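A.B. asks: Have a look at this one.
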Amino acid sequence: MKKDKKIVIGVVALLLVMFAWGRLTGAGEEVVDDTQGVGEEKTLSPEEVLEGMEESAFLSDQASLEIISPEEDVFIPRQARMWQGELKGIEGEGGFMADCHWRFYLNENNDEVLYKEMENRSSVSKESPKVCAFTSTFIESRGELRAELEIQVKKMGNEVVGEFKAERTYRVE
């Protein structure tokens, strides 16, 4: 019986060593014949994906930015709001990156003051024109709120192809 246990342990140990050796040397991996193009699969870098996105995309002369969210003009303090813009006028296939700069001004006691600034980045394309989205509950005071969004639209390599600005007013009650 002891001899049988030693044989089983030896076989298991040998299998584990063979498995480990195969993982280290890459044995057992599928070999793909690239010359025929069948089964060819390439992983693209983020730069290659962005480059492919922007190859034929361009901004029309009528391109414009609008703050589309929140939709309602009145909300209460500390209420979660989704802030989002929309860039209209993207033509062609592909897209761009957008550097977004939000500024929020609150009019309390008849003086408008900068209440909050926020920066983020997003991608934008004709198929997905919504840009610069984020959700927050940061408005804690009542008053007239002016939201301002400025974006720089960039191609691969940070080449600026357009700058846009939009603003919208709300009431916090």
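The values are calculated or read from the model by the stated rules, or taken from the named source; none is laboratory data. Values in this document were obtained by computation on a predicted structure and should not be read as measured data. With ideal geometry, Cβ positions are generated from the backbone for all residues, glycine too; neighbour counts draw on all protein chains shown. With ligands, DNA and RNA removed, areas are computed over all heavy atoms of the protein, side chains included. Shrake-Rupley method; radii C 1.70, N 1.55, O 1.52, S 1.80 Å.
A.B. asks: I'm trying to understand the selection: among the residues of the stretch 122-135, which are polar (S, T, N, Q), part of a strand (DSSP E or B) and open to solvent by 30 Å² or more (accessible area, probe 1.4 Å)?
C.D. replies: Passing the criteria: 123, 135.
A.B. asks: Suppose we keep only residues that are outside any strand (DSSP E or B) and either in contact (Cβ under 8 Å) with a residue 40 or more places away in the chain or of a type in the set (S, T, N, Q) (or both) within the stretch 138-160. Which one would you say is least open to solvent (accessible area, probe 1.4 Å)?
C.D. replies: The qualifying residue least open to solvent (accessible area, probe 1.4 Å) is 139.
A.B. asks: While we're here: Tell me the residue from 30, 93 that is open to solvent by 100 Å² or more (accessible area, probe 1.4 Å), under 30 Å from residue 129 (Cα atoms) and either at pLDDT below 60 or assigned to a loop (DSSP other than H, G, I, E, B) (or both), please.
C.D. replies: None of the others qualify; the one that does is 93.
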